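Notes for the one structure printed next.
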Amino acid sequence: MVRKMPVLAGALVSLAIPVLGQQAPPPPLTFGSEVSLVLLPVFAYDGAGRAARGLRAEDFEVTDEGKPVEIVSFELVDTTEATPVDDLRLASAARRRFLFLFDKSFTEIAGLQRAQRAAQEVVRTRLRESDLAAVATFDINRGVRVVANFTEDRALLYHAIETLGVASLSQIRDPLGLALDLQATDLVRSGAREGTEQQTPQALLDSVTALIARQMKAADRMQYRGHIETLAGALGDLARGLRQVEGRKQVLYFSAGFDSQLLVGDQGAEREATSQAVTSGALWEVDGLARYGDSQLREDLSRATRELEAADAVVHTIDVTGLAARTELGSLRPSGDRLRENPGRESLNLIAADTGGRLFKDNNDLGAALESVLDMTSRYYVLGIQPAAAKGPGAFHRLKVRVARKGLRLSHRPGYHEKVPARQQTALQRQFEAAQLLMTGAGDADLRFASLCVPFPDRGERQTVGLVVQVPRGSLRWQPGTPEALELYGYAVDERGRVVDHLARLARVDPGQADPQNQRSGVAFYAALRVPPGRYTLRMMVHERESGRSGFQFLELAVPEWDAQSGFLLPPLVMDDPGRWVTLELGRADDAYPFVVDGQPFMPRALPEVRSGAPERIALLAFEPRLAGDPAADLEIWSSLVDAEGQRTSPGAIRIERVRRDTQGRRTYVLGYTPAAAAPGDYTLRIGVGEASSILESFARLRFAQP
């Protein structure tokens, strides 16, 4: 029976507040054939390049595929003012996003280090609290690799910039070293003198030597062409990945640039030498590809920049060579022409101009360039529009924006892509999309699951957080013979946006083997995280690999400090039936599963759903280090139940089945609980425990289902 116990004078009270896994509110923006709203950041500048102020929604006109569309929302974002961070976080597309892209193939080490120092200073001191940033690298062997995805975690970003994904920069191998060796053998001559057909043995030898040199040079040129082609392909892959990321992306591309001679043809001394060869009739000495440029390579690069622009990515190219002499391997070209000054800047300018960005050059202080980008993006307008009719998965909608005020220039994305089915997405697209879903809650969340996290007191610097995730079979395909590949991600993010601990696991389950009787409710994961005391947001995501469906939840969690003089009662945990779930442990080798009774693990119900009159079992875990654990001490249990409107109702019958005590002050109570008759809905169950002159209380949410 449940009895009311009076509060004792001087009693110690501890209250644990659990938070059930509540589905995050749906984001205001979705892309795809079901687009309901597109958020369009628009940057407006006057003739002096200053951000325009005072514009209103009626000053703008937007067309989608040439048809006017309605502006249904409008907001000015000014990062120079004290805009509430939480307000910006609710509008994911309105947040500034910066991608630090480090070119490790067309850049020498000194320039790369200057770029790292400048980027780290920006991350450390200049980013706004609401800004998101990512770190990626490019090299010709691996293409674009994301080291740190778009995040608020400044420590993670700083570390990613410091390491660039490798243990040491000395391990980087620049593939253009072969071109340098070959360039040393470049013995191209102007050919035989006009009117001279007779060749001496020495002249014949010179001719053969020149032919070999030209062949080596051509091979060198084709290898260099392959490197540029790889860069163009990597930029295209990056563009398709960034389609999944909301808002305008400012890509800060640190590079020395590649020699654009293969794009535009011979320049300087080589153009003059080629002209002389044509005039003299020595056409065999003329390389048509080198003279006129490679039109296919130009088109590949142009396609990549168009895709970046369409993904609402503006590339600001930052020449890391500054004012120093260009002696780095990245600028050594197969042409052998040393008369052209800083030829890599031509390619950097091309990439920036084609995406609406800027080229920053002639400055050894790269921080000034980054400061300029931050200032350029400090004020902008966000228009929410109702898009035109769907065209099909992956289809591109071209947008145009006009403003009524004269003398203003606008910068905005040229359009948007409808969502591509998961099976057609690239790995980079899935990586960006998953990170965005976890960090901002923006994206499609169509896979249901329930999660529960509970802090456990620990004497160490880090406390244990027990985690349970249950995915009902109704959310899965659950077909015998068809394995389920489930990815589970969990990140404990502190109030400063830092990821303190995380887990990422892939689980494969064959329902035919794991559930031969077809009676299991689904898949349940359990694990433990370790975090210091404090307040956290636990960001959870479950992704079904085959279908591409994902679900996410944000759980607020308060982890108290260990206090040997204070009691602590965990929230009531409804114990699930053994064998109800296909259970998978995700803990690390050094983690101890905290949900234990009598030395045996049990599975708490992540979504504590009960039914009137249906018997349940509840586990209460209390920590009272100062108590001796007297088994003869009096014990009282009381409870109350309150509905969503704050009205008290009968909780039902509670009886004590077992009590276990250990020498560390942990006490475990197993209670039998039969819920009273109550209307379906959400309730708050509060339970108190009185033992040995101590009173502890806690509460949990219960959901009463239909009988």
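If you plug the beta carbon distance of S612 and V659 into 1/(1 + (r/R0)^6) with R0 = 22 Å, you get a FRET efficiency near 0.20. Quick check: net charge around Y489, other residues with Cβ under 9 Å of its Cβ, Lys/Arg +1 and Asp/Glu -1? Summing Lys/Arg as +1 and Asp/Glu as -1 gives +1.
Other residues whose C-beta falls under 12 angstrom from the C-beta of N364 contribute a net charge of 0, scoring Lys and Arg +1 and Asp and Glu -1. Scanning residues 5 or more positions from V42 or on other chains, those with amide H under 5 Å from its amide H are Y381, V382, L383, with H placed 1.01 Å from N in the peptide plane. Extension gain for R53-A558 works out to 177.6 nm (0.36 nm per residue, less the C-alpha to C-alpha distance).
A straight chain from D634 to Q706 at 0.36 nm per residue would run longer than the Cα-Cα distance by 22.2 nm. Take the Cα radius of gyration of the range 378-536 and divide it by 2.2 N^0.38 Å, N being the number of residues; the result is 1.45.
Using the Cβ of R117 as centre and a radius below 11 Å, the other residues enclosed give a net charge of -1, where K and R count +1 and D and E count -1.
According to the Cα-based calculation, Rg over Rh for the range 407-466 is 1.23, with Rh computed by the Kirkwood formula.
Using a cut-off of 27 Å between Cα atoms, the listed pairs K104/K419; K361/K400; K249/K361; K104/K400 include K104/K419; K361/K400; K104/K400 as exceeding that distance. Put simply, the amide H of V597, placed in the peptide plane, has neighbours under 5 Å in F602, leaving out anything fewer than 5 places away on its chain. Taking each residue as 0.36 nm, the span from R298 to A404 lengthens on full extension beyond its C-alpha to C-alpha distance by 34.5 nm.
So how many Å³ per residue does the convex hull of the Cα atoms of the range 543-611 work out to? Looking at the range 543-611, the number lands at 199 Å³ per residue. P(r) tail for the range 490-550: Cα pairs beyond 14 Å make up 66% of the total.
A short reminder: the numbers here are calculations on the coordinates, not readings from a lab. Everything numeric here is computed off the predicted structure, so don't read it as measured data. No Cβ is skipped: glycine too gets one built from the backbone with ideal geometry, and neighbour counts run over all protein chains shown.
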